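Working notes for the structure below.
Read-outs throughout are calculated quantities, based only on the coordinates presented, and are distinct from any laboratory measurement. The structure displayed is predicted, hence computed values, not measured ones. As a convention, Cβ positions derive from the backbone with ideal geometry for all residues, glycine included, and neighbour counts pool all protein chains shown.
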Ligand code: COA
Ligand code: AMP
């Protein structure tokens, strides 16, 4: 039996001994009573009874065991033209001090803290400081607008918000403080304090307005802070909440526990990513996304690696050689990013001329995830780099990969279009709509037989019922991934796309349902549909199809620009909502269901069969004409 098969089989047939063995890599104040508690099925708990601290495992443990002077974090910021390195000892000092500052503001075990930060070291310091105190952090991505932040404030009810004066998007400054003020104005829950880090490099360009004694300056509170020690928490206590898009405007608060998470991430660094303690691992993502949580912050540090926090893009900061520079300058062994970032490089440097300028000899692997890796991008990256290019599939909910080519166990042949095989711990199945398993090669919905492995979501924040309803009750005994796809005869998994209204724009997960909710509040809109249409750079882009109310005499161009502005203001620029078509009516079934899937096929220039339940087939021609007018299908 191959090494992969052996490990995979053991993880499914005897998950308790498999994960108990993996748990040896983690420091526990108290060992578990049981590895897996299934007494409240379908809700499972990993390592109940155990106590530990995630920050201790990520920092203190390494300082005590010989890594004190090894670089833990490299902040590489082409947008501010600086690089800053922190050894494990230095990072521990900063984290302990900020934890002390938070503690002096009344933050303690179980309290929630929202972190709304750009890609600066203080974001990582804040995250780890919360973990140190046993406080639950919830990082909100900076590209979300105040309204989105307000929704998260009301759900997480933070005692404190930690933020910074602003972000630098290539060369554009984006002020964060006014967005926080606006969000707090909109939210019902009011946080006790806001700690603002004033970025020195933009201090003279961005004056932070401290409103009242709610707002505190990061540097000032540190002056009187005393370092705080790690607080022992239960393995099953929440480490963080990360909100992600569902099908409605109410995002889902994915909960991550402490113990299972630490075990799974440490295991993944060795077995999936094949990096060793001391090596340099770079996830070119943002701390606001799950990739940033797992593989900028926690995974590499739990494993004693050097991690990189990169404040820049794959192109434009300053050129398409940016990634190669970082890899060669810092000796990166493995890079993890989204296919979009590579499509952007390919567009600007199709022959890969920039790779020739840098020494990439230490670079071993490229890992891609966050959206479907199209075979074209795979082949381009593979030919350019001549290194393994590894597609792996996962979700905010799982926190680490579901399928991958587990190169640390055994390198398997690649099939472009497939993210290879299930990672040990994940019993992946493809089901039909009735919940019956389909034969290999047949497309269906992808589900994972329960229990999920450690590190995956135990529930949604304060919403066990929603968790069960959305994920566990769809097919009894399975976790429903909301992705469709198939498994081929060799056991390779092909993930083809979401079966719900979630789309993936530049590797960012967004809800078209939420955009529809915003668009439909416009006074001139009678009804609307937002679909995700294929885009050669960003994978998908939202397209709005809107029907105006009878008698509206405003110019449709004005209405379009209003709608674009509304989505930008309500959800944020990250939604990339820029394409709107005004139509006379939307295609519907006789029972009134909007045929979004058919419209998406028209927008993508795909063949479609006329839905048998369509109310009036003539409407599809009207949709095609309207989409053609705004450039769809795109070339
Ligand atoms: N704060 C405020 N605004 C932000 C932001 C932030 N943290 N991040 C992005 N935005 C803004 C951008 O400035 C842009 O605004 P604009 O419409 O005014 O131009 C908008 O949100 C859309 O951003 P994005 O989709 O990222 O487009 P881009 O043109 O700036 O960059 C890529 C294109 C392909 C380089 C970039 O999307 C990319 O690298 N994607 C990879 C994503 C990734 O790593 N995903 C994580 C999973 S691994
Ligand atoms: P997020 O929760 O933001 O990580 O987005 C998760 C969604 O992104 C999944 O449900 C998939 O639809 C998509 N996704 C992530 N990785 C892949 C991949 N490697 N291949 C195909 N789709 C992916």
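Couple of notes before you dig in:
- Each 10 Å bin from 0 upward holds the following percent of the Cα-Cα pairs of the stretch 256-407: 11, 45, 35, 8, 1.
- Cα-based Kirkwood hydrodynamic radius, the stretch 580-635, one decimal, Å: 11.4 Å
- Taking 4 °C and 1.567 mPa s as conditions, the stretch 553-607 diffuses translationally at an estimated 97 µm²/s according to Stokes-Einstein applied to its Kirkwood radius (Cα pairs).
- Value at 222 nm in deg cm²/dmol, rounded to 500, when DSSP H runs of n ≥ 4 in the chain each add -39,500 (n - 2.57): -8000 deg cm²/dmol
- Listed peptides 136-145, 616-625 by packing density, highest first (mean Cβ within 10 Å): 136-145, 616-625
- Those residues of the stretch 215-258 whose amide nitrogen sits under 20 Å from the label point placed on residue 68, 7 Å along Cα→Cβ: 227-230
- For the chain: span of alpha carbons on each principal axis (Å, largest first): 72, 65, 56
- P(r) weight above 14 Å for the stretch 378-455, C-alpha pairs, percent: 67 percent
- Which of 108, 482, 163, 2 has the fewest Cβ neighbours within 10 Å, and the rest in rising order: 2, 108, 482, 163
- Virtual spin-label span in nm between residue 93 and residue 555, 7 Å along Cα→Cβ: 6.2 nm
- Translational diffusion of the stretch 473-597, µm² s⁻¹ [Kirkwood Rh, Cα pairs; Stokes-Einstein; 10 °C; 1.306 mPa s]: 98 µm²/s
- Ranked packing of 33-40, 174-181, most packed first, by mean Cβ within 10 Å: 174-181, 33-40
- Whole-Å distance, taken between Cα centres, linking the stretch 1-67 and the stretch 300-360: 32 Å
- Cα centroid separation - the stretch 176-197 against the stretch 526-563, whole Å: 31 Å
- What the pair-distance distribution of the stretch 34-146 shows, using all Cα-Cα distances binned every 5 Å from zero, is 2, 11, 16, 17, 18, 15, 11, 6, 3, 1, 0 percent.
- For the stretch 130-193: rounded, prolate or oblate by the Cα gyration tensor [a/c cutoff 1.5]: oblate
- Sorted from longest to shortest, the spans of the Cα atoms of the stretch 1-82 along the three principal axes equal 52, 35, 28 Å.
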